[in-house]
1. Would you pick out the residues in region 37-66 that are of a type in the set (D, E, K, R), more than 27 Å from S167 (Cβ to Cβ) and surrounded by 23 or more Cβ atoms within 10 Å (Cβ to Cβ)?
2. If you check D191 against the conditions, is it of a type in the set (D, E), open to solvent by less than 70 Å² (accessible area, probe 1.4 Å) and not in a loop (DSSP other than H, G, I, E, B)?
3. Would you point out the residue of region 1-12, among those that are free of Cβ contacts under 8 Å to residues at least 12 places away in the same chain and not in a helix (DSSP H, G or I), that is surrounded by the fewest Cβ atoms within 10 Å (Cβ to Cβ)?
4. Please work out which one of (1) under 22 Å from D157 (Cα atoms); (2) touching a helix residue (DSSP H, G or I) at 6+ places or on another chain (Cβ under 8 Å) is the condition D93 fails and give its number.
5. Checking E234 against (1) under 26 Å from the mean Cα position of the chain (by Cα); (2) open to solvent by 20 Å² or more (accessible area, probe 1.4 Å), which single condition isn't satisfied?
6. Determine, yes or no, whether I226 is among the hydrophobic types (A, V, I, L, M, F, W, C), touching a residue at least 12 places away in the same chain (Cβ under 8 Å), part of a helix (DSSP H, G or I) and buried (at least 16 other Cβ atoms within 10 Å of the Cβ).
7. Going through region 13-32 one residue at a time, which ones are touching a residue at least 12 places away in the same chain (Cβ under 8 Å), assigned to a helix (DSSP H, G or I) and small (G, A, S)?
8. Being touching a Cys at 6+ places or on another chain (Cβ under 6 Å), without any contact (Cβ under 8 Å) to a residue 60 or more places away in the chain, more than 17 Å from A39 (Cα to Cα) and open to solvent by less than 60 Å² (accessible area, probe 1.4 Å), is that true of even one residue in region 131-147?
Amino acid sequence: MYLALARKYRPQKFSDLIGQPHITKTLQNAIKMKKLYPALIFSGMKGVGKTSASRILAKTLNCEEGTEIEPCNSCNTCVEITGDHSTDYIEIDGASNNGIEEIRSLKETVKYKPLKNKYRVVVIDEVHMLSTSAWNALLKTIEEPPEHTYFIMATTDFHKIPATIISRCQHFEFKRIPYETMEILLKEICDKEQIQISKYALHLISKSSEGSLRDAKKILDQAIAISNGDVQDEEVVDILGIIEENIFISLTQNILLKNRKGIIDLVNELSERGVNLRFF
């Protein structure tokens, strides 16, 4: 079964987490000094590393062989967390588990000590989707977290989290990934996959992802599939629905020359390609 690039090249340690040095340094220092806050909020747009950072943090806290600030990714604990097989690493989707019953069930679970690891890590993804009653049920647990348990709340809509919750958590804001950084990373992935790709195609993919590394990898996956191997510039342009610069130049020339037929022909061509003419 084909493994998507976003999963195959998911960051597995803090040094792999691209574009978030302010967060990785703070978390590593907190772990090293044993001053990690028991309830954390990771906010930021989709695809910038919030869930990956949560897993890396869980592995670092529980790793059997790694350093204080990086997981080894080879011990049983790291392998179980990476493979979603750990009983002490719990990921919950806030969008589909947003009721009070789900939170009550979670509270019952975290009352007990971790089954195997030193610490239990609970990640609630898209936490802003929780209902008001669920927030109220979670509040006391966040305020007085059980021993050996850390809570991480990930969200793309930080402003929807109640102030009562925010005041009891440490907040980390994940930034958009700079497209220059993304170009370098995508090129490294293509080299590992033995895929030829031009700098222009890398630039288009990076810019179109608007700061989301996951989206960039998804577009690259699609480009590799449609090109049947080495990525072609034309295929990337078609995938992204980009209008080539020469079309704008040609249209401008036709307008200056008052060439009505040339203008109509160009518009017809764009219409047949399915281009959004209002946007054009």
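1. Scanning region 37-66 gives a single hit, K59.
2. no
3. M1
4. With (1) under 22 Å from D157 (Cα atoms); (2) touching a helix residue (DSSP H, G or I) at 6+ places or on another chain (Cβ under 8 Å) applied to D93, the lone miss is (2).
5. (1)
6. no
7. S15, the sole residue that qualifies.
8. No, every residue in region 131-147 fails to be touching a Cys at 6+ places or on another chain (Cβ under 6 Å), without any contact (Cβ under 8 Å) to a residue 60 or more places away in the chain, more than 17 Å from A39 (Cα to Cα) and open to solvent by less than 60 Å² (accessible area, probe 1.4 Å).
The values are calculated or read from the model by the stated rules, or taken from the named source; none is laboratory data. If you're wondering where the values come from, they're calculated on a predicted model, not measured in any experiment. For neighbour counting, all protein chains shown are included, and Cβ atoms are generated from backbone atoms with ideal geometry for every residue, glycine included. Surface accessibility is based on the protein's heavy atoms, side chains included, excluding ligands, DNA and RNA. Shrake-Rupley method; radii C 1.70, N 1.55, O 1.52, S 1.80 Å.
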